[in-house]
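This report concerns only the one structure given below.
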Amino acid sequence: MRDVKDVYIVGRQNPDVDTVTSTIGYAELKNSIDKDNSYVAAVSGNIDLNTQKILSNFGASLPRYILDLRLRVEDVMTKNVIQVDKNTPVTEVFKVMLKNDLLVVPVVENDGKFFGYFGMVDIARKSISSVMPDIFRKIKTSVDMISKAVSGDVLNGKEDKNMFIANVIMGVTNPDGLMKVVERFDPENIVIILANREDLQEKAIELGVRCLIISNGYGISDKLLKKAKDKDVAIILSEYDAFATAGLVEWSAPVETLVDKATSFVNPEDLIDDIKKVVYGSNHRSAVVVDSNKKVLGILTRTDIIKYNKRKVILVDHSSSANAPNGIFRCDILEILDHHRLGNIQTGIITRYRIEPWGSTSSIIVDEFIKNGVRPSESTAMLLASGIILNTDFLSEDKTTENDTKMLKWVCGIYNKNIDDVVGEVARIINS
């Protein structure tokens, strides 16, 4: 199983200043001492005006708002995925997939919006159709795409990128037989594959076909090349044999012709439990993740869903399910830090508990900085000082313990702040 990298440090519902400053402070501490995970401050209730004032004054961002701790698409999806434009030749897409060991890639429009899926299933389906015993096939392509697909030298028509529906013909007959096949189609749409039969080469050029591919590494005479230029017939030299060349021409089509134009996709905020059917029901066993503008953000596969473990959380300033977001019992609770009594949260893993009879959870967080030998940023130091001051009713005697005073003195002292000045500033902020 793989762990979800984001660990949420979650405050209680109806958070006050102490709750919010504790989550922010502990997230900063954990991120400084643990480089293997990312710790995110979070709350599960609306932040009151006093807390907003304190955060704004000390330049702190709002914690993440989360009402449900169950895993979401954004937690387990693969980000920064390779995507291809719908006009990319299938041969190029296939090379990308092989190089990067991909089973499926998102296909996008010219403006970057999600267009559909292309995967090994589509390649298999196309491969089967390629061996059907047709003497000719119709393919949407261009001379430029064909030349790239067969890795061929273009002697004439190199810049022709105009798309057309190609009738691909294998020149395996005599001139008269070739004429019977060719006369069924518009020469402008014919792509003919020949080897070293000059009589057939000349006949194809005289007919004015769109493109003549000479296979097996053979060339073309100067006389016929001049005729081809006069008749505006593209000439491509292929090192592959005729049958391999024909197959590669088929794969020269833009990927949009084979793409699975599925209408199903998921959003990063979707709960994994809600979208499993979309992933498991897909031909590719995956779903593209898009934003509100249908721009691709990532991809979610069945393997992602199976491999990822529960979300990991740390509870701060509470230890009861009544104060926790939905889904708390489907998480691994790593730690609980609180200054209230121990609540009803039970865990199935080894959990670190720190419950102190102090006036503020922010005081406990300051002590965690001290014990770990870490100096908080000045902004966080002032947030924690504010949490201690406000949760003890401005250091009132009946709500302030000796430890609260000690922690406040330390966190103010590291930035040479006078406690009375900080208390006065907090009062000014709240009353503004």
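The values are calculated or read from the model by the stated rules, or taken from the named source; none is laboratory data. Nothing here was measured: the structure is a model prediction, and the numbers come from that model. Glycine gets a Cβ as well: all are built from the backbone with ideal geometry, and neighbour counts include every protein chain shown.
Key figures for this structure:
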| read-out | value |
| --- | --- |
| Residue within the range 406-414 that is closer than 16 Å to Asp317 by Cβ and either out of contact with any strand residue (DSSP E or B) (no Cβ under 6 Å at 6 or more places or on another chain) or part of a loop (DSSP other than H, G, I, E, B) (or both) present | yes |
| Residue list for the range 46-74, restricted to those being in a helix (DSSP H, G or I) and surrounded by fewer than 16 Cβ atoms within 10 Å (Cβ to Cβ) | Leu49, Gln52, Ser56 |
| Hits in the range 205-244 - residues which are at pLDDT below 90 and closer than 12 Å to Met170 by Cα | Ala242, Phe243, Ala244 |
| Residue match in the range 214-229 (condition: within 14 Å of Ser147 (Cα to Cα), crowded, with 16+ Cβ neighbours inside 10 Å, touching a helix residue (DSSP H, G or I) at 6+ places or on another chain (Cβ under 9 Å) and of a type outside the set (Ser, Thr, Tyr)) | yes |
| Criterion violated by Thr303 - all others in (1) in the same structural domain as Asn283 (by TED's automatic domain parsing); (2) crowded, with 20+ Cβ neighbours inside 10 Å satisfied | (2) |
| Residue in the range 246-263 that is surrounded by the fewest Cβ atoms within 10 Å (Cβ to Cβ), counting only those that are of a type outside the set (A, V, I, L, M), modelled with pLDDT under 85 and outside any strand (DSSP E or B) | Thr263 |
| Condition met for Thr401 (free of Cβ contacts under 8 Å to residues at least 60 places away in the same chain, surrounded by fewer than 17 Cβ atoms within 10 Å (Cβ to Cβ) and either more than 41 Å from the chain's Cα centre (by Cα) or not assigned by TED's automatic domain parsing to the domain that holds Arg12 (or both)) | yes |
| Neighbours by Cβ (under 8 Å, 6+ apart or cross-chain): first from the range 16-37, farther than 17 Å from Ser362 by Cβ and surrounded by fewer than 24 Cβ atoms within 10 Å (Cβ to Cβ); second β-branched (Val, Ile, Thr) and modelled with pLDDT under 95 | Asn37/Val7 |
| Odd one out for Gln13, checked against (1) surrounded by 16 or more Cβ atoms within 10 Å (Cβ to Cβ); (2) on the phi > 0 side of the Ramachandran plot | (2) |
| Looking only at the range 75-96, and only at residues there that are of a type in the set (A, V, I, L, M) and in a loop (DSSP other than H, G, I, E, B), the one that is surrounded by the most Cβ atoms within 10 Å (Cβ to Cβ) | Met77 |
| Enumeration of residues in the range 30-45 that are among the polar types (S, T, N, Q) and assigned to a strand (DSSP E or B) | Ser38 |
| Qualifying positions in the range 96-108 - closer than 18 Å to Phe265 by Cα and out of contact with any Asp or Glu (no Cβ under 8 Å at 6 or more places or on another chain) | Leu103, Val104, Val105, Pro106 |
| Restricting the range 351-367 to residues that are within 35 Å of the chain's Cα centre (by Cα) and not in a loop (DSSP other than H, G, I, E, B), the residue that is nearest to Thr401 (Cα to Cα) | Ile365 |
| The lone exception for Ile235 - which of (1) free of Cβ contacts under 8 Å to residues at least 60 places away in the same chain; (2) crowded, with 17+ Cβ neighbours inside 10 Å it fails | (1) |
| Lone unmet requirement of (1) outside the structural domain of Asn31 (by TED's automatic domain parsing); (2) out of contact with any Pro (no Cβ under 9 Å at 6 or more places or on another chain); (3) not polar (S, T, N, Q) for Ile314 | (1) |
| Residue within the range 185-197 that is touching an Asp or Glu at 6+ places or on another chain (Cβ under 6 Å), within 14 Å of Gly171 (Cα to Cα) and outside the structural domain of Phe115 (by TED's automatic domain parsing) present | no |
| Test: residue in the range 226-236 that is assigned by TED's automatic domain parsing to the domain that holds Phe164 and either closer than 18 Å to Val290 by Cβ or touching a Ser or Thr at 6+ places or on another chain (Cβ under 9 Å) (or both) | yes |
| Lone unmet requirement of (1) modelled with pLDDT of 80 or more; (2) small (Gly, Ala, Ser); (3) under 35 Å from the mean Cα position of the chain (by Cα) for Ala324 | (1) |
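Yes or no, residue by residue, for (1) in contact with a Leu (Cβ under 8 Å, 6 or more places away or on another chain); (2) touching a residue at least 12 places away in the same chain (Cβ under 8 Å); (3) among the basic types (Lys, Arg):
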site	(1), (2), (3)
Gly177	no, no, no
Val181	no, yes, no
Leu212	yes, yes, no
Ser221	no, yes, no
